[in-house]
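Student: Please read through the structure below; I'll follow up with questions.
We did not get these values from a lab; they are worked out from the coordinates using the rules stated. This is a predicted model, so every value here is computed, not measured. FYI the Cβ positions are ideal-geometry reconstructions off the backbone, even for glycines, and counts take in every protein chain you see.
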Amino acid sequence: MTQKLLYVKANPKNDSDSHTSTLANVFLKEYQQRNSNCEIITLDLYKEGIEPLDADILTKMFSGEGNKAYQYAQQFASVDKYVIAAPMWNLSIPAILKSYIDYVSYVGVSFKYTEAGPIGLLSDKPRKAIHISSRGGMYSQGPAKEFDLSDKYIRTILGFFGINEVESLFLELTNVLQGDALKQAIDNSHEAARSLAAQF
Ligand SMILES: Cc1cc2nc3c(=O)[nH]c(=O)nc-3n(C[C@H](O)[C@H](O)[C@H](O)COP(=O)(O)O)c2cc1C
């Protein structure tokens, strides 16, 4: 069966102006070259116009009526691989990505309640995800490590859905490095992207 990859993009900038989207594109290009049969579905959350859950969607979510959250959740559940690309904003993910996650966290699709507590429904087949993010500072190591709520959240919510094979790819210090040092960091992140794509 043809594999499907969902590219969830949460950035209002043009790709060429965004470190995160550029890095995601390097990853996806390498991945597509190596996996020509895989169908890549791009979901640009800003183009989709994702909005926070409102009373109307919430009511429909819990009454079983058709609604756009259900459609996004079904799409999320229908794929094998996930590329989630977002810059760090205020130590976390952009609000639009949180809103999207509020849509796909759908009872009966991505998780369900049991007497023993909630369980993820997306462990039904092998699934893989990668979180790609650029950030102005350094969080993957050093004193600010514990302040990175973005990667922790993405990994935790995916694990909650039953997706436990999750990679992370960061381009850090974009607001600190300049000139050749920044270029070197970008080049290194692109090399890491190609290397991760080869095994994804
Ligand atoms: C609204 C906003 C919030 C940000 N918050 C942080 C932050 O908490 N920590 C950080 O290191 N950088 C922060 N930055 C900087 C970006 O993460 C950084 O410039 C990143 O490289 C942007 O990626 P992009 O080019 O894909 O948009 C923030 C930038 C913006 C616009």
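Student: Identify, please: which residue in the stretch 1-38 is of a type outside the set (A, V, I, L, M) and touching a Cys at 6+ places or on another chain (Cβ under 8 Å) and is, among those, surrounded by the fewest Cβ atoms within 10 Å (Cβ to Cβ)?
Tutor: It comes out as THR2.
Student: Only residues that are assigned to a helix (DSSP H, G or I) and hydroxyl-bearing (Ser, Thr, Tyr): list them for the stretch 140-199, please.
Tutor: Selection gives SER150, TYR153, THR156, SER189, SER195.
Student: Does ASN67 fit the bill of being within 16 Å of the ligand (Cβ to nearest atom) and free of Cβ contacts under 8 Å to residues at least 12 places away in the same chain?
Tutor: Considered against the rule, which asks whether it is within 16 Å of the ligand (Cβ to nearest atom) and free of Cβ contacts under 8 Å to residues at least 12 places away in the same chain, ASN67 comes out as no.
Student: Hey, another quick one. Look at ILE41 and say whether it is aliphatic (A, V, I, L, M) and not in a loop (DSSP other than H, G, I, E, B).
Tutor: yes
Student: Take the stretch 96-109 and flag every residue that is buried (at least 16 other Cβ atoms within 10 Å of the Cβ) and either of a type outside the set (A, V, I, L, M, F, W, C) or under 11 Å from the mean Cα position of the chain (by Cα) (or both).
Tutor: Selection gives LEU97, LYS98, SER99, TYR100, ILE101, ASP102, TYR103, SER105, TYR106.
Student: Across the stretch 83-95, which residue is farthest from the ligand (Cβ to nearest atom) among those that are surrounded by fewer than 21 Cβ atoms within 10 Å (Cβ to Cβ) and of a type outside the set (S, T, N, Q)?
Tutor: Checking each candidate, the answer is ALA95.
Student: If the requirement is being within 26 Å of ASP148 (Cβ to Cβ) and over 15 Å from the mean Cα position of the chain (by Cα), which of these qualifies: ASN37, ASN90?
Tutor: Of the residues listed, the single one that is within 26 Å of ASP148 (Cβ to Cβ) and over 15 Å from the mean Cα position of the chain (by Cα) is ASN90.
Student: Of the residues that make up the stretch 119-132, is at least one within 14 Å of the ligand (Cβ to nearest atom) and exposed (fewer than 15 other Cβ atoms within 10 Å of the Cβ)?
Tutor: No, the stretch 119-132 contains no residue that is within 14 Å of the ligand (Cβ to nearest atom) and exposed (fewer than 15 other Cβ atoms within 10 Å of the Cβ).
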